[in-house]
1. Taking the alpha-carbon distance from residue 374 and a cut-off under 17 Å, which lysines remain once sequence neighbours fewer than 8 residues away in the same chain are dropped?
2. From the backbone phi of segment 341-350, what are the Karplus-calculated ³J(HN,Hα) couplings (6.51 cos²θ - 1.76 cosθ + 1.60, θ = phi - 60°) in whole Hz, Gly and Pro given as x?
3. Work out, step by step, the length gained on full extension between residue 258 and residue 158: first 0.36 nm times the residue separation, then minus their alpha carbon distance; give nm to one decimal.
4. If we count every other residue with Cβ under 12 angstrom of residue 117's Cβ, Lys/Arg +1 and Asp/Glu -1, where does the sum land?
5. Where nothing but the Cβ of Lys and Arg (+1) and of Asp and Glu (-1) is charged, how large is the charge dipole of the chain around its Cα centre, in debye to the nearest 20?
6. If you take every residue apart from residue 292 with its C-beta less than 15 Å away from the C-beta of residue 292, what net charge results, scoring Lys and Arg +1 and Asp and Glu -1?
7. First check a/c for segment 291-450, with a ≥ b ≥ c the square roots of the eigenvalues of its C-alpha gyration tensor; if it is under 1.5, answer rounded, and if not, answer prolate when a/b is larger than b/c or oblate otherwise.
8. Which residue, chosen from 63, 311, 342, occupies the Cα position most advanced towards the positive end of the dipole of the chain, where the dipole is computed from +1 (Lys, Arg) and -1 (Asp, Glu) charges on Cβ about the Cα centre?
Amino acid sequence: MDRMEESLQNNNPTAKAFTLTSAAWFALATSFGMIAAGYLIAPDFMANIEFIHFGRARPMHVNAVLFGFVTPGLLAAAFYFIPRLLRTELYSHKLGVFNAIFWNITVLSGMIGISFGYTQGREYAELPWPVDIMVVISFTLVVINLLLTVRNRVEPILYVSIWYGMAAVILTACTYCIGNVIWKPDTGALVGIPDAILLWFYGHNIFGLLLTPLALAAAYYVLPIETRSPLYSHTLSLIGFWSLIVVYTHIGTHHLLQVPVPTWLKTISIVDSIAMVIPVMVVLINLWLTVKGKLGAIHASIPAKFIFTGTIFYFFVNIQGSMMALPVVQRITHFNNWVVGHAHIGVFGFAGVTALGALYFILPRITNKPLYSKFLADLQYWLVLIGITGFAIVLTIVGLIQGNAWYNGETLYRTLPEIQPYYVLRASLGAFIMIGAYLGLYNIIRTLYFNRGAST
Ligand code: HEM
Ligand code: HEM
């Protein structure tokens, strides 16, 4: 390693670059979310601004949270803890920083593309083909950097966070190509039912084989350190990992229970959705027994507070998700705000909140300075907690109103006045989250670049 590379290792510019990426896109993504929520309250409000009307603001919001905020936040943590766990240095910080810059160009290109109407129109696979290629390159660069780090390791034992982190990036580099039908640049799609099956194989794997393992990797690393407790069981941690890989890969078709896909495929997806209780509860039992009796330490630590809260949302999203895969329940909950509630509980309450905790964990360690403001971080925690808990309640109620109305043959427009107040409530709660995101961005920029605090 040359001297310049060595000096780069000491302050981890890769983790810093991904941290800033995540914080900035969190603020932008919530702004897009507020615009989308605004349209649902007052569709004519910004009706003439085509670049941000609902059909564009929504996919901009969703892609920005997935690829701008949550994934880079969790990757920032992975770029910190994977080398440490392996007792070696990251293979290349020059590659890492280039990767972060390229990642930002990719997400920005996606946003510009969508806002100008260039979209492939498939949920979670909206990004136009050139941007798809850039996403695959971005993930491949992460894979190369981390795999070469694993190859250079001094520590022979691979802690479970490494299993989860590596699986997440390697599998996503593959499933992204498959789900976006990357070999068909003109449409990015197959035709008919096979396309729906492929899309949802990929769509749910974005949650199950990207966000979930990256978030669990961070939780397995941070919680034992912040509570000063050894992991309860390494055996359980590997059972949790392998059962996730076996079960989660088969459940995408639970999005298509009301579509004419083959019944055997629906049956597998339902059975495995119920079986998801195994990988989720094994992990949660392991983590919760690790921190048992340490609630005081969790309360005192900002990272642990975020991440422990993330585990509670993980519990709820699993119980809710397994129920939603039952056809008798989905008859009411499908195609309405119940699912949007579930999506926010999972992607934000679990993965996003864990990402925030992971960022606050690494920040003092990659800057060698204390966090700029613990008060602001704590305030952000409460704003986020109120916002996401409120989202979960409000969207679930709206979903039940819509679902039961449709089930009973009510016409759509007659439910609209009834759900309007809930949409106003959702936007108000969204303001809490958005303010939290901007406060977090300020705190993180101050910590990274303008922190006069004493070095630790
Ligand atoms: C752990 C067990 C889980 C199960 C069994 C499960 C089950 C389901 C089901 C059945 C649906 C489809 C609902 C419908 O269309 O009617 C769904 C949707 C969704 N799930 Fe989960 N889920 C789980 C965990 C998660 C997690 C951890 C996340 C996020 C990290 C997540 C994110 C989502 C999202 C974003 C959607 C909405 C997809 C759309 O836009 O249609 N889920 N889930
Ligand atoms: C200011 C805060 C937020 C507001 C106002 C907001 C608003 C919205 C709106 C209006 C939609 C479209 C729902 C629909 O089609 O009916 C949506 C979808 C979505 N949002 Fe947010 N959101 C916020 C924060 C977040 C955060 C922080 C995350 C994740 C970290 C997130 C993840 C998602 C996902 C995954 C979907 C797709 C849901 C689905 O298709 O079922 N949102 N959001």
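1. Of all the lysines, those that pass the test against residue 374 - Cα under 17 Å, at least 8 places apart if same chain - are 305.
2. Whole-Hz 3J(HN,Hα) from phi for segment 341-350: x, 4, 4, 5, 4, x, 6, 9, x, 8.
3. Taking residue 258 through residue 158 to full extension adds about 31.8 nm, to one decimal.
4. Details: positive: 56; negative: 50, 126.
In short, -1.
5. In total the dipole reaches around 1040 debye.
6. Numbers: positive: 228, 294; negative: 226.
Taking every Cβ under 15 Å from that of residue 292, the sum is +1.
7. prolate
8. Of the options given, the answer is 311.
The values are calculated or read from the model by the stated rules, or taken from the named source; none is laboratory data. The structure displayed is predicted, hence computed values, not measured ones. Cβ sites come from the backbone with ideal geometry, for glycine too, and all protein chains shown count toward neighbours. Just the protein is used for accessible areas: all its heavy atoms, side chains included, with ligands, DNA and RNA removed. Shrake-Rupley method; radii C 1.70, N 1.55, O 1.52, S 1.80 Å.
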